[in-house]
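Everything on this sheet refers to the single structure shown next.
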Amino acid sequence: MQDFVDFFTGLFSTDRWPPRWKCGYWSDFHGWLYIISDLLIWAAYFAIPLIIINYVTKRKSALKFNKAYIYFAGFILLCSSTHFLDAVMFWHPMYRLNALVRLITALVSLATVYHLIKILPQAFSQKTNLELEAEILRRKEAESKLVELTLQLQSKTIALTKSNEELEKFAAVASHDLKEPLRMVSGFMDLLNKKYSDKLDDTARKYIFYAKDGAVRMSALISELLAYAQLGFNKGEFEKVGIGEVINEIVALNKAAIEEKNAVILFNGLPDIVASRILIKLLFQNLINNALNYQKKDVSPVIKIICINEDLHWKFAVEDNGIGINNEYFTQIFELFRRIHAKEEFRGTGMGLATCKRIVEQHNGEIWLESEEGKGSTFYFTIKKQ
Ligand code: ADP
């Protein structure tokens, strides 16, 4: 204990030892060689931590192993002081202080070793500059490929838009040209009926009626076919559409048929959705028309329209009390021109539900039905929320 107290009380004392010059035989050359070398080592060791600390403070955010740098700087700084003290000892033999500084140096060195071992796995996992450069090169190549693909896609989209426009023009012209001869057939049938009606018997008049009826149906079919063909590229703008308002418009348009059939259309609190107004109107128009059309004799149609607000979709249901559909036709009726009733029984072209399906798909939704023959049908469809 006394040694310990003596040690710290006489930390800077030099009285128990001779200066190193006097300890043994030093030639001037030997002594100064020792001193100058120690001082040079001290100067170099002193500069290294200063450089490291300057570097760390400037690049603090960019450096990963800040702590390791600091430990390392401390360790070198302490090593430098041992060399400095060794040089000083030639005049001032402070052996106690020298021992203490060496102890501190040893402790900091061990702490540095411990810290280095700890960060070693992480340091090894760091990418070298060469690896980083290779990675940058790879990414640049991928980026330029992406740009190339985007350009290709853009030029394909432009070509597709152009060909769609041409197709649309073609469909409109074809529809006009097909309807022209039909108008002639229909017109001359009317003329024949008007001018020669008294000269014709009942069978001839019936034939004229069938011919005229065929021409009218053909004309309706061409119009619907044109509308269906245009669906692909004539979506109209997506906008806020008040569904209640749309149903009111459809009711106004079909006022005559609704009154004639004594039909009731029930709806309440339908939402505003983001969709193509033209298409959504066509969709409800087709479903309401079918609900009015496929009805039992002597029964007044009751049509209910509701909407359920789901997480990602609006789910609509159009329910009727009509003739219903056998479940074996549940998927077929959405195909183009697919009808399950004779035209004498119910009029139609077989395009309504195919059109509905296409419209729903353009709104990222699905359409399906539940039905029981003789009881009625409910058509469901979803529209994805934008
Ligand atoms: P269209 O009504 O012009 O024949 P659709 O594609 O609209 O063509 O309908 C296809 C078939 O599905 C119809 O022919 C009909 O038999 C059946 N259908 C459609 N809606 C209903 C309904 N609400 N009730 C009963 N049958 C229906």
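Please treat every number below as a calculation from the coordinates, not as lab data. None of these values were measured; they are calculated from a predicted model. FYI the Cβ positions are ideal-geometry reconstructions off the backbone, even for glycines, and counts take in every protein chain you see.
Observations, loosely collected:
- For segment 71-163, the alpha carbon positions stretch 98, 25, 18 Å along the principal axes, listed from largest to smallest.
- Packing-based order for 270-283, 344-357, 130-143, 111-124, using average beta carbon neighbours within 10 Å, highest first: 270-283, 344-357, 111-124, 130-143
- When the Cα atoms of the chain are aligned to their principal axes, the ranges along those axes come out at 156, 47, 35 Å in descending order.
- Count Lys and Arg as plus one, Asp and Glu as minus one, and take only other residues whose Cβ is under 12 Å from that of residue 315; the net charge is then -1.
- Lys, Arg +1 and Asp, Glu -1 on Cβ, resulting dipole of segment 113-221 about Cα centre, debye, nearest 20: 260 debye
- Taking only Cα atoms of segment 1-122, radius of gyration then Dmax in Å: 18.0, 55
- For segment 230-386: span of alpha carbons on each principal axis (Å, largest first): 41, 30, 28
- Close lysine pairs were tallied over segment 276-386: pairs 8 or more places apart or on different chains with Cα atoms under 24 Å apart number 24.
- For segment 197-295, the Stokes-Einstein estimate of translational diffusion at 4 °C and a viscosity of 1.567 mPa s comes to 79 µm²/s, using the Kirkwood hydrodynamic radius over alpha-carbon pairs.
- Segment 261-297 and segment 2-60 have Cα centres lying 98 Å from one another.
- Dividing the alpha-carbon radius of gyration of segment 140-226 by the rule-of-thumb value 2.2 N^0.38 Å gives 2.10.
- Highest-fluctuation residue, 286, 248, 129 considered, GNM on the chain with Cα pairs under 10 Å: 129
- Alpha-carbon geometry of segment 111-163: the Rg and the Dmax are 22.5, 74 Å, given in that order.
- Positive minus negative residues near residue 132 (Lys, Arg vs Asp, Glu; Cβ under 11 Å): 0
- Helix-only mean residue ellipticity at 222 nm for the chain, each DSSP H run of n ≥ 4 adding -39500 (n - 2.57), per residue, nearest 500: -21500 deg cm²/dmol
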